[in-house]
Amino acid sequence: MGKYILKRVGYMVLTMFIIATATFFLMKLMPGSPYANQAKMTTEQINIMNHQYGLDKPAYQQYWIYLVGLLHGDFGTSFQFNNQPVSYLIASRIGPSMQIGVQAIILGTLLGILLGAIAAIRKNTWVDTVATFFAIIGRSIPNFVFAVLLQFFLAFKLRIFPIALWEGFSSSILPTIALAMAPLATTARFMRTEMVDVLNSDYIELARAKGNTPWQTVAKHALRNSLIPVVTIIGPMAVDLMVGSMVVENIFSIPGIGDQFVKSITTNDYPTIMGLTLLYSFMLVVVILIVDILYGLIDPRIRLSGSEGSN
Amino acid sequence: MEKILDVKNLKINFSTFAGQVQAIRDVSFHLNKGETLAIVGESGSGKSVTVRSIMALLANNAHIDGGEIDFKGQDILKMSPREIEKIRGNDISMIFQDPMTSLDPTMPIGKQVAEPLLIHGSMNHANAMARAEEVLKLVGIDNAKNRMKDYPHQFSGGQRQRIVIAIAIVNYPEILLADEPTTALDVTIQAQIIDLMKDLQHKIGTSIIFITHDLGVVAGIADRVAVMYAGKIIEYGTVDEIFYDPKHPYTWGLLNSMPTLDTSSKRLYAIPGTPPNLLDPPAGDAFAPRNPYTMEIDHEAMPPFFKVTDTHYAATWLLHPDAPQVDPPLAIKKRQAEYRELLASGQIGSHKAKEVDQNA
């Protein structure tokens, strides 16, 4: 297991390197410059600025300088946000984004598993129909629509939750719910399909023949076996959340990182684009690693290579 | 001989889009304590449905339209789900057909074997695991102690069927329902599993209902045999009576289609035609359209059981006193001759005597 994780971390570093390289050169292909009021600047001023930020060097040299910086833990300095170091910029804003992201994925998957399981157990009854209806709603309505609806009804009309800003846990509830709808719906759909299959399998019949009650059978045998495909989709869902969070953060005026990502791209803030891309990629590869480890824990047939045992 | 299970006039229908499928049409049989009853018949004859009804493990679209299943003075068909759950895996347990899909792939086998003990509160966790290990050893899993934590995919098909059997016997049930337990296994493993079941029956004194379509397997394990066709039992008797002196033309056909050492013809015999559609079963003998010895009355009226001996009954009009004498197929006549010889020499008389005595 240790050996396996080590190998995977090696691949992760390689992945990150490839992403950094690709992003760097793609970014260089983007039109425009980091200077908002370039028209008013003299050529000399532009040259001075370019020289100061090292933008006058050829792209491959800039790339090399950036990589060397990265190895020293230096993500560079933002062009736009008050010349703050990118690392500081990220550190000060990652908290709220992470919090609503993690809360949303936990809430979404757990409720989704529950909803899907109940729908499968009560297959072809009104319970199933209601659950399927919610899954379709959750899947087809974009999260910013949910965000606005939640804000309007629960915060503006009923005044149960804060309407916006970032002031303690209560302000994270509405954005979390808005973000959780998509993973909830996806998980519920996958869970229902798989659970219907599992409940028809021979080992479930054997479990019943042992004297298990229907609920015992589900808890002890059906649930774990149905979770395998759900685990697979956690990775892609996490990506959805990262992207979705940018809009939702905007709606709720949360000082998160999504907002900054969008701004950094429109303003050609190269160091910030690079820093945030690397951060998102890093989170993604970590999520994928966790998913793969979870896989092995849930399903013993999927053996991690490098660990003991057959296969 | 004490009857441990008594099934009377069981009728089971399945609701389908096409209509009501009459899967079980008035089936009665009993199981004596400590014996093995084999139920044989081709696919779709209702064997599995019959034993599943004993465990109340029928599909959702099945409904029982009559009859009773008496187990220890109680009618299983009238029990609440709670009461049935107390019996399942405790007094009556079941061995399933396909060992490759019958075990939970994500649970260690030790835990799976111990589960019935824990469900029924027979013992605490430590003792249950100890018993599970003991039973795994009993069914012939080598190095059982170290393999308790292994998962099903780490075992071969034959080993998995042994584990499925271990699960069924761990609570020392009074009745074991075996639904084609050897069908999915290759022949050498089949023989081992049959020997194992006989051995276990001897050790824990359980009664077995053994479902199969393989007559070769029946000869090896059964005390009595019931032959099913189109949702009805058409002949039953001791294993010797069914094998050597069958009376129903369907049983003749079954035995004829079983290859023996002196099968000389190049082609195996097959009963012509197909079983009737149970959506609309025939009024008379369901086998009549495929029966080379069919008579007018076979199409008109269902034959009752005619007594052959105290233990042997067959539902065919051929046994009616007014029926013409027919010549059974040659192979069957050879069997009957062999049987008379064996009886005369006393080689199988003892078994028969025992059976007769039991019913007296």
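Readers should treat all values here as calculations from the given coordinates under stated rules, not as data from a laboratory. Note that the structure is predicted; figures quoted are calculated from it, not measured. Don't worry about glycine lacking a Cβ; one is built from the backbone with ideal geometry, like all the others, and counts go over all protein chains shown.
What are the extents of the Cα atoms of the stretch B:3-222 along their three principal axes, in Å, largest first?
51, 38, 36
Among the trypsin sites (Lys or Arg not before Pro) in the stretch B:264-345, which ones are in a DSSP loop with at most 11 other Cβ atoms within 10 Å of the Cβ? Mind listing them? Could you put the intermediate results ahead of the total?
Numbers: sites: B:LYS266, B:ARG267, B:ARG290, B:LYS307, B:LYS333, B:LYS334, B:ARG335, B:ARG340; in loops: B:LYS266, B:ARG267.
Of the trypsin sites (Lys or Arg not before Pro), the ones in loops of the stretch B:264-345 whose Cβ has at most 11 other Cβ atoms within 10 Å are B:LYS266, B:ARG267.
Going toward the positive end of the dipole of the protein assembly as shown, with +1 on Lys and Arg Cβ and -1 on Asp and Glu Cβ, which of B:THR188, A:LEU154, A:TYR4 do you reach last?
Result: A:LEU154, furthest along the dipole toward the positive end.
Quick one: helix B:109-119 against the long Cα principal axis of chain B, what's the angle to the nearest 10°, folded into 0 to 90?
80
Where a Cα-Cα gap under 22 Å defines reach, which lysines qualify for B:LYS307, not counting those fewer than 8 residues away within the same chain?
B:LYS3, B:LYS8, B:LYS232, B:LYS247, B:LYS333, B:LYS352, B:LYS354
I want to verify a result. In a Gaussian network model of chain A, Cα cutoff 10 Å, which of these has the top mean-square fluctuation: A:ILE113, A:ILE288, A:ILE46?
The residue with the greatest mean-square fluctuation here is A:ILE46.
Per residue of B:103-114, count partner chain C-beta atoms within 10 Å of its C-beta, then hand back the mean as an integer.
Per-residue shielding by partner chains comes out at 4.
In a shell of Cβ-Cβ distance under 11 Å around A:ILE118, excluding A:ILE118 itself, what net charge do Lys and Arg (+1) and Asp and Glu (-1) give?
Local charge sum for A:ILE118: +2.
Once each part is reduced to its C-alpha centroid, what is the distance from the stretch A:239-297 to the stretch B:1-46 in angstrom?
With the stretch A:239-297 and the stretch B:1-46 each reduced to a Cα centre, they are spaced 63 Å.
May I have the extent of the alpha carbons of the stretch A:106-170 along their three principal axes, as whole Å values ordered from largest to smallest?
Principal-axis extents of the stretch A:106-170 (Cα, largest first): 42, 20, 20 Å.
Who wins for biggest fluctuation among A:THR132, A:THR43, A:THR187 in a Gaussian network model of chain A, springs between alpha carbons below 10 Å?
Most flexible of the set in this elastic network: A:THR43.
Over the Cα atoms of chain A, what Rg and Dmax result, in angstrom?
Looking at chain A, its Cα Rg and Dmax stand at 24.0, 86 Å.
Based solely on its DSSP helices, what 222 nm [θ] is calculated for the protein assembly as shown when runs of n ≥ 4 H residues each add -39,500 (n - 2.57) and the sum is averaged over all residues, nearest 500 deg cm²/dmol?
-16500 deg cm²/dmol, from helical runs alone.
Can you list the chymotrypsin sites (Phe, Trp or Tyr not before Pro) in the stretch A:129-196 that are in a DSSP coil and have 11 or fewer other beta carbons within 10 angstrom?
In loop regions of the stretch A:129-196 (DSSP not H, G, I, E or B), the sparsely surrounded chymotrypsin sites (Phe, Trp or Tyr not before Pro) are A:PHE169.
What is the Cα radius of gyration of the protein assembly as shown over 2.2 N^0.38 Å, N being its residue count?
1.37
Please list the radius of gyration and Dmax for the stretch B:227-359, considering alpha-carbon atoms only, with Å as the unit.
Values for the stretch B:227-359 (Cα only, Rg and Dmax): 15.6, 48 Å.
Have a look at the DSSP beta bridges in the protein assembly as shown and tell me what percent are antiparallel, nearest 5.
That works out to approximately 65 percent antiparallel.
Using Stokes-Einstein with the Kirkwood hydrodynamic radius over Cα pairs, what translational diffusion coefficient do you get for the stretch A:14-169 at 4 °C and a viscosity of 1.567 mPa s, in µm²/s rounded to a whole number?
After rounding, the answer is 62 µm²/s.
With a cut-off of 8 Å between alpha carbons and a minimum separation of six or more residues, what is the relative contact order of chain A in percent? Please list the in-between numbers first.
On the way: 341 pairs, mean separation 84.1, N = 311.
Computed over chain A, the figure is 27 percent.
Which of the helices in chain A meet the span-like rule: DSSP H, Cα axial reach of 30 Å or more, Kyte-Doolittle mean at least -0.5? Before the final figure, lay out the partial values.
On the way: long enough: A:2-29 (41 Å, 1.18); A:86-121 (50 Å, 1.63); A:170-199 (40 Å, 0.86); A:223-251 (39 Å, 1.29); A:270-298 (42 Å, 2.09).
Qualifying helices: A:2-29, A:86-121, A:170-199, A:223-251, A:270-298.
For the Cα atoms of chain B, what angle does the longest principal axis make with the long axis of helix B:349-359, in degrees from 0 to 90, nearest 10?
Between helix and principal axis, roughly 80 degrees.
Calculate the all-directions average of the projected area of the stretch A:179-311's alpha-carbon convex hull, and give it in nm².
If I average the Cα hull's projected area over directions, I get 11.5 nm².
Taking chain A, how many lysine pairs are there with alpha carbons less than 30 Å apart, if each pair must be eight or more places apart or span two chains?
9
By a straight-distance test (C-alpha under 19 Å), which lysines pair with B:LYS203 as possible cross-link partners, with residues fewer than eight away in the same chain excluded?
Within the straight-line limit of under 19 Å, B:LYS203 reaches these lysines: B:LYS33, B:LYS137.
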